[in-house]
Amino acid sequence: MINGTITVGSAHLELGESFRDQAQRRIQDAADKYLGNRVTASLHVARAGGDFRCSVNKQMSGQGMMSAEALGESVPRAFRAANNKVEKLLRRTKRLQREDRAHQPDRIITA
């Protein structure tokens, strides 16, 4: 079930329905895993010389926009690389939100 809007587009390329479904599912799975299930995202694929350029923009509920871009020799590879970069941003954001826990002996507090 997709909560929010996930758009998949391209410039002068025909993306198959299978790729669109897979991309939407992976974006939604990352949203469910890290910061809640409400996500607004856009994915854009374009030709960049002999490669493909994919840009992924995600906005989670209560979070700012997270964007990443990657090149790949195929559309799925470019998407995976860009999506992995955005997932890394999501992991780091989740970790920062959890760092206000009471017991953290290795955390240095500066005033």
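The values are calculated or read from the model by the stated rules, or taken from the named source; none is laboratory data. Because the structure is a prediction, the values reported are computed rather than measured. With ideal geometry, Cβ positions are generated from the backbone for all residues, glycine too; neighbour counts draw on all protein chains shown. To get the accessible areas, we keep the full protein, side chains included, count just its heavy atoms, and leave off ligands, DNA and RNA. Shrake-Rupley method; radii C 1.70, N 1.55, O 1.52, S 1.80 Å.
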Test each condition in (1) at pLDDT 90 or above; (2) surrounded by fewer than 12 Cβ atoms within 10 Å (Cβ to Cβ) for LYS88 and report the one that comes out false. (2)
First in region 50-63 and at positive phi, second anywhere and outside any strand (DSSP E or B) and open to solvent by less than 60 Å² (accessible area, probe 1.4 Å), Cβ under 7 Å, 6 or more apart: none
What's the total number of residues in region 45-85 that are within 16 Å of ILE27 (Cβ to Cβ), part of a strand (DSSP E or B) and either open to solvent by 80 Å² or more (accessible area, probe 1.4 Å) or hydrophobic (A, V, I, L, M, F, W, C) (or both)? 9
Pairs with Cβ under 7 Å, 6+ apart, first in region 81-92 and closer than 10 Å to VAL56 by Cβ, second modelled with pLDDT of 90 or more and part of a helix (DSSP H, G or I): ASN83/ARG26
